[in-house]
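The block underneath contains the structure these notes are about, expressed in structure tokens.
The values are calculated or read from the model by the stated rules, or taken from the named source; none is laboratory data. Just so you know, these numbers come straight off a predicted model, no measurement behind them. Neighbour counts run over all protein chains shown; Cβ positions are idealised from the backbone, glycine included. Surface accessibility is based on the protein's heavy atoms, side chains included, excluding ligands, DNA and RNA. Shrake-Rupley method; radii C 1.70, N 1.55, O 1.52, S 1.80 Å.
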Amino acid sequence: MKAHFERFARYNRWANRRLYAAAAELSDAQYREDRSAFFRSVRGTLNHILVADRVWLRRIEGDGPTPFALDEILYDGFDELRAAREAEDERLIRVVAEQEEARFATDLHYRSLAGQAFTMPFSAVLAHVFNHQTHHRGQAHTLLTQFGLAAPSIDFAYFLLDK
């Protein structure tokens, strides 16, 4: 399981770098424009992905930034958000690498942002983290194409071939 999730952590970084490179071509107005997406804009969508990663990594590590809401704008400007995304991707790679193989067969006990207690299999939590990113990267990808950008392929298969 560990090697599987280490590969997904590297894929995650690869896909985010490609997506952010395309998003860097947007004007500031386009970046912020409400396009009626779930998190309204490219800015809102990319911030949400970072928020969720921080929430889950804090639950896993017991440390780190504590976002207060899933739609929180952690970084208003694109450049700051991009730098934070790079750092969080490296953190995610590190967190997965530091886990003992046995941890992937354990449960994670955590509290929701509202304080409710939950338990889920640790491996399922990690699967959710990566699946969640893929889901919202797809939304951001759509928004980029709506602005006429040639958004890059970010499929896992292309990551595997890009070696």
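Structural remarks
- Whichever residue in region 1-16 is open to solvent by 20 Å² or more (accessible area, probe 1.4 Å) and in contact (Cβ under 8 Å) with a residue 12 or more places away in the chain and, among such residues, is nearest to His132 (Cα to Cα): Phe8
- Close pairs from region 128-149: first outside any loop (DSSP other than H, G, I, E, B), partner polar (S, T, N, Q) and modelled with pLDDT of 95 or more, Cβ under 7 Å, at least 6 apart: Phe130/Asn12; Gln133/Asn12; His136/Thr45; Gln139/Thr45; Ala140/Thr45; Leu143/Thr45
- Residue selected from region 105-121 under the condition open to solvent by 90 Å² or more (accessible area, probe 1.4 Å) and in a loop (DSSP other than H, G, I, E, B), by the criterion modelled with the lowest pLDDT: Ala114
- Identity of the residue in region 54-68, modelled with pLDDT under 95 and open to solvent by less than 40 Å² (accessible area, probe 1.4 Å), that ends up nearest to Arg94 (Cα to Cα): Gly64
- Some residue of region 34-53 being exposed (fewer than 15 other Cβ atoms within 10 Å of the Cβ), under 16 Å from Ala140 (Cα atoms), of a type outside the set (Asp, Glu) and in contact (Cβ under 8 Å) with a residue 40 or more places away in the chain: yes
- Candidates Phe130, Phe78 - the one that is at pLDDT 95 or above, closer than 14 Å to Asn47 by Cα and open to solvent by less than 50 Å² (accessible area, probe 1.4 Å): Phe78
- Output for region 124-157, where each listed residue is in contact with a Phe, Trp or Tyr (Cβ under 9 Å, 6 or more places away or on another chain) and not small (Gly, Ala, Ser): Val125, Leu126, His128, Val129, Phe130, His132, Thr134, His136, Gln139, Pro152, Ile154, Phe156
- Of all residues making up region 33-80, the number that are under 17 Å from Gln146 (Cβ atoms) and touching a strand residue (DSSP E or B) at 6+ places or on another chain (Cβ under 9 Å): 4
- Filtered residues of region 150-163 (kept if open to solvent by 40 Å² or more (accessible area, probe 1.4 Å) and either in a helix (DSSP H, G or I) or among the charged types (D, E, K, R) (or both)): Asp155, Phe156, Ala157, Tyr158, Leu160, Leu161, Asp162, Lys163
- Taken across region 91-101, residues that are of a type in the set (Gly, Ala, Ser) and either surrounded by 15 or more Cβ atoms within 10 Å (Cβ to Cβ) or in contact with a Cys (Cβ under 6 Å, 6 or more places away or on another chain) (or both) do not occur at all.
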